[in-house]
Ligand SMILES: [Zn+2]
Ligand SMILES: [Zn+2]
């Protein structure tokens, strides 16, 4: 019963959104875009065939006409290759901008950016940046980020959360303490010493790091990367 109500609502809403778009309303373009971008009850109820490219174009127009909230969705399109050619690195640069906008979409952009850093999508994996962006989103009360935070901060050796330290050499893994780091470095199966590579020096947040030197991953390092290689947040 209630689903019938929703279906007719979507069909009616689609008609009104189209009228608003014809009148040049930018926010309506962004809302209308969702009918074309996502297959589902909404599009089916309105009898709309999925047309992701058209959806993306509507989002792009909405943003160009001043609807800044479309920014986050545009970044998601690039991230997943919906309606536009997939370009994760570009998505990350857009999310970084959206994460600084200070509007309603900001916490969502910050949480999405945290996931990119956690999984190394469109940017080199970095557990420090992942935790930082997730914390910012959680500080705004964004529920998904609050749930994500303990997962992002889980110790890569023992699974305890929150683990507040990390391997400074690669910044891809985090630990409770030096004991967990030592255990992970040399454990029998899949030891961290097999994966740990020194990060290239960072030029800036945005720019691509200049290749300079950077070679020599320093594999097979004889000692545990303690001391300066181990940082607390
Ligand atoms: Zn641990
Ligand atoms: Zn490491």
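Values of log10 I(q)/I(0) for region 1-139 across q = 0.11, 0.17, 0.21, 0.22 Å⁻¹ run -0.46, -0.93, -1.15, -1.20, by the Debye formula with one identical scatterer at each alpha carbon and no solvent. Each label was represented as a point 7 Å from its Cα along the Cα-to-Cβ direction; for residue 144 and residue 124 these points are 2.8 nm apart. Against the empirical curve 2.2 N^0.38 Å, the C-alpha radius of gyration of region 92-151 lands at a ratio of 0.97.
Both radii come from the Cα set of region 60-216: Rg as radius of gyration, Rh as Kirkwood radius; their ratio Rg/Rh reads 1.02. Inter-part distance, region 103-141 to region 152-205, computed on C-alpha centroids, equals 19 Å. Compared with the rule-of-thumb size 2.2 N^0.38 Å for a compact globular protein, region 109-190 has a Cα radius of gyration ratio of 1.09.
Every read-out reported here was derived from the displayed coordinates using simple, explicitly stated rules and does not represent laboratory data. The shown structure was predicted, so the numbers you read here are calculated from the model rather than taken from an experiment. For neighbour counting, all protein chains shown are included, and Cβ atoms are generated from backbone atoms with ideal geometry for every residue, glycine included.
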